[in-house]
Structures are given as structure tokens and as C-alpha cells.
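The values are calculated or read from the model by the stated rules, or taken from the named source; none is laboratory data. Because the structure is a prediction, the values reported are computed rather than measured. Please note: Cβ atoms are built from the backbone with ideal geometry, for glycine as well, and neighbour counts cover all protein chains shown. Side chains are part of the model used for accessible areas, which takes the heavy atoms of the whole protein and leaves out ligands, DNA and RNA. Shrake-Rupley method; radii C 1.70, N 1.55, O 1.52, S 1.80 Å.
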Amino acid sequence: MIKKGSMTDHPPLMMAWLMWGLVALLYFIGFFQRMAPAVMVDELMRDFAIGGALMGNLSATYFYSYAAMQIPTGLLVDSVGPRKVNTIACMITTLGIVIFAFSPNLWVAYLGRFLIGASVAVAFVTMMKLAAHWFSARRFASVTGIALLVGCIGGVMAGVPLSEGVSLFGWRTVMAFTGVLALILTAASWLIIRDDPEEYGFKSHAYKRDENRNRLSSKRALKLAVTNRQTWFLFFAGGLSTAPVLVFAGLWGVPYLTQIHGLDRSSAALLTSTMQITFAIGGPLLGAISDRMGKRKAPYLTATILTTLCWALFLFIDLPVILFYPVLGLIGLFSGALIIGFAWSREVNHPEAPGAVGGVVNMSVLGFAAILQPL
């Protein structure tokens with residue numbers, strides 16, 4: 001049992017991290033599932049007798065449903081609350097993983113990937129909502145950066161460890177095991193998570209509206225977000241700068257490195273995992289730098305320019321393979337500036353609409369990736 005607190009004190013950090021961390025575990029599973037096809041390409045194409053285009057569509061099905069769920073997720077989190085949304089999402093994630101793991105044909109596999117993407121889609125926006133209640137505003141970019149770190153650890157686990165697991169046990173067994181983890185997380189989410197510290201007897205960090213004013217409705221929150229010009233700048237900035245990393249590390253990086261540069265699968269997976277690791281480091285690092293500076297635009301723009309230069313170096317210069325590690329690593333690191341965009345979008349919008357704003361901005365990241373994967 002979690003001990004009740006005093007309404008005069010904010011919750012202890014350990015409790016805040018526990019609430020937030022349970023949702024972060026769903027994000028971990030979601031990132032793992034997002035990146036998993038990259039090291040299972042050969043097995044999936046063989047088992048379902050498909051070529052590259054259909055393989056791209058199978059992987060992208062996750063991204064389609066994930067992107068489509070972002071705005072509904074934002075509205076649900078603002079109206080229903082993180083606890084219920086995350087618990088139901090964990091249940092659907094479990095179902096989707098089981099369907100995918102035991103799919104007898106491509107169409108059933110599509111259904112499984114669709115359900116996985118749609119359910120884990122709630123995790124990031126839910127974490128942002130919980131952070132607004134359980135952490136002070138000055139920690140927001142740092143906490144959101146750590147969210148990316150947790151997710152990217154899941155992405156790293158979908159690299160070399162998954163590659164070895166698939167070789168030893170087969171892809172279906174490994175996928176089924178992650179379904180068991182999602183089922184355990186379902187129970188933990190319902191029993192432990194609370195939407196606000198006040199439910200455990202502590203003082204909330206959430207924005208306190210004027211009691212004489214009506215509560216901002218979900219419809220009004222969404223309207224304010226989508227009519228704000230800066231929301232759309234951050235929508236395109238996040239999607240266009242981050243989608244290439246997700247597409248390369250999440251699907252086509254390993255086949256590209258093995259077929260074009262002659263690397264074996266484990267070495268190629270190690271390279272894409274390097275990108276994932278630095279992406280994970282870049283989120284909290286750049287978020288903390290932005291928090292410390294008290295600025296958003298300068299660090300975000302600088303990191304995005306550096307990311308573009310590194311991509312150009314990798315794609316258009318004939319580099320020795322050994323230099324792929326630092327170049328891809330820097331791409332991942334600077335792409336972590338995405339986190340600054342989430343903090344920025346929250347600050348330029350209504351304080352009662354963090355879910356709606358987060359959903360709109362996050363939709364672009366997976367939306368652009370979904371389009372790019374089959375292309």
C-alpha cells in the first residue's frame with residue numbers, strides 16, 4: 001500500500017517517478033514493438049511469403065494506427081484520466097501482441113500490428129499528462145526527455161538482444177513473451193497509478209484554474225491547439241526531423257547496411273542500436289540543457305541543423321564503415337531535440353490542454369514515419 005500524504009506537501013519524487021514509470025513501461029514495450037521488425041525482416045518475409053513493399057506496409061501498420069490515435073488519446077487523457085486510459089491500453093496491447101505472435105497469415109498479422117500501434121499510442125501523451133500533475137513545470141522537458149530514454153532502451157532491446165533471441169527461440173516465442181509483460185503491466189497500472197497526487201493525499205503540481213471559470217472542454221482544448229500557428233510549426237518540425245531516425249533504425253537500416261555495405265545482421269543491428277542509444281541520451285540531455293537555459297528555440301534549431309548535416313554526411317559521402325558509428329550516433333543524439341518541441345508546445349498553448357496539444361504534435365512523428373516506411 002502507498003502511504004497517504006499531507007495536502008500541504010507535494011508528493012515525494014520517488015512516488016512521482018513510480019506513477020509516471022508504470023506508463024513509461026508501456027512506452028518501453030511500444031518502442032520495442034516499433035523497432036522489432038528491423039531484425040525480423042527475413043523471418044517475416046519468409047513466413048508470410050511477402051516482398052519488401054508489403055513488409056514495409058506490415059511494419060507501417062503500427063505507425064498508421066499510432067498516428068491516428070494521437071488526437072483521440074489527447075482528448076481521452078484530458079477527459080477520462082491517465083489511469084483508465086493506460087490500463088485499457090495495456091489490455092489491448094496484450095491482445096495485439098498475442099494476435100501478431102500467433103498470426104497464421106499476413107492479414108491477421110496486420111490486425112495484430114494495428115492493435116499494438118493503436119494501444120501503445122497512448123503512452124507518451126499519458127506520460128506528459130501525468131508529468132503535468134506529478135512534477136513541477138521546471139522539470140517538464142527533463143522528465144519528457146527521460147521518457148524518450150526509456151522508450152529508446154526498448155528500441156535497443158529490439159536490436160542485438162532481439163536478434164539473438166529470434167535466432168535462439170524464434171520470433172513468435174519472443175513476441176509472445178512481451179505479451180506476458182504487457183498483461184502484468186495491465187494489473188499494475190490499475191492498482192497503483194492515480195491521475196493526480198491529491199488522490200494519495202498530496203498537493204498537486206497541476207495548473208489551478210479559476211474556480212469561477214468553466215472547465216476547458218475537450219473540444220475547446222483541441223480547437224485551441226489546432227488553431228495555434230506555433231502548434232503546427234512544432235508539428236512539422238518534430239515529424240520531419242525525427243521520422244528518418246525511426247524509419248532507418250526501426251526497419252530499413254539493418255537491410256540497407258547488410259545489402260549495401262555487406263555487414264552481417266548483428267553488426268548492422270549494433271549500428272542501428274547505437275543510433276537508438278544516442279537518441280535516448282539526446283532526449284534528456286537536450287531537454288535538461290533547454291530547461292537550464294530557459295530557452296526552447298535556440299537549442300531546438302541548432303540540434304535540427306546539426307542532424308541535417310550529419311544525414312548529408314552519411315548519405316552523400318563515401319565513408320569507411322568505422323565512421324558510421326560516430327555519424328549515426330550524432331544523428332540519434334541531435335534528433336533527441338524532439339523533446340524540446342513537446343515542452344515548447346505545452347508552453348505556447350492553454351495550460352488546461354496538455355493532452356490535446358501533446359496528441360497533435362506527437363501525431364506527426366509517427367505519421368511521417370508511417371508514410372516513409374513503405375516509400
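Any idea which of I71, I50, I99 is without any contact (Cβ under 8 Å) to a residue 24 or more places away in the chain, out of contact with any His (no Cβ under 6 Å at 6 or more places or on another chain) and open to solvent by less than 50 Å² (accessible area, probe 1.4 Å)?
Result of the check over I71, I50, I99: I99.
Taking into account only those residues within the range 139-177 that are open to solvent by less than 10 Å² (accessible area, probe 1.4 Å) and among the polar types (S, T, N, Q), which is farthest from the chain's Cα centre (by Cα)?
S163
Looking at S136, is it within 20 Å of F28 (Cβ to Cβ), surrounded by fewer than 24 Cβ atoms within 10 Å (Cβ to Cβ), among the hydroxyl-bearing types (S, T, Y) and in contact (Cβ under 8 Å) with a residue 24 or more places away in the chain?
no
Report, by residue number, each residue of the range 345-362 that is surrounded by fewer than 24 Cβ atoms within 10 Å (Cβ to Cβ) and assigned to a helix (DSSP H, G or I).
R346, E347 - these are the residues of the range 345-362 that are surrounded by fewer than 24 Cβ atoms within 10 Å (Cβ to Cβ) and assigned to a helix (DSSP H, G or I).
Kindly evaluate T258 against the criterion of being touching a Lys or Arg at 6+ places or on another chain (Cβ under 7 Å) and at pLDDT 85 or above.
So T258 passes the test.
If I go through the range 74-86 residue by residue, how many of them are in contact (Cβ under 8 Å) with a residue 40 or more places away in the chain and open to solvent by 10 Å² or more (accessible area, probe 1.4 Å)?
6
Can you tell me which residue is farthest from the chain's Cα centre (by Cα) among those in the range 239-271 that are β-branched (V, I, T) and open to solvent by 10 Å² or more (accessible area, probe 1.4 Å)?
Here the residue is I260.
Within the range 178-209, how many residues are in contact (Cβ under 8 Å) with a residue 40 or more places away in the chain, within 24 Å of F135 (Cβ to Cβ) and open to solvent by 80 Å² or more (accessible area, probe 1.4 Å)?
4
Which of the residues that make up the range 223-234 are assigned to a helix (DSSP H, G or I) and either at pLDDT 90 or above or surrounded by fewer than 21 Cβ atoms within 10 Å (Cβ to Cβ) (or both)?
Matches in the range 223-234: K223, L224, V226, R229, Q230, T231, W232, F233.
For the range 273-286, does any single residue satisfy the condition of being over 22 Å from Q230 (Cα atoms), without any contact (Cβ under 8 Å) to a residue 60 or more places away in the chain and out of contact with any helix residue (DSSP H, G or I) (no Cβ under 7 Å at 6 or more places or on another chain)?
No: zero hits.
So if I check each of L26, L22, which one is closer than 23 Å to L95 by Cβ and open to solvent by less than 10 Å² (accessible area, probe 1.4 Å)?
L26
Applying the selection to the range 316-344, what residues are surrounded by fewer than 23 Cβ atoms within 10 Å (Cβ to Cβ) and not in a helix (DSSP H, G or I)?
Passing the criteria: I317, D318, L319, P320.
Taking the residues in the range 339-348 that are in contact with a Leu (Cβ under 7 Å, 6 or more places away or on another chain) and of a type in the set (A, V, I, L, M, F, W, C) as candidates, determine which candidate is modelled with the highest pLDDT.
Filtering first and then ranking leaves I340.
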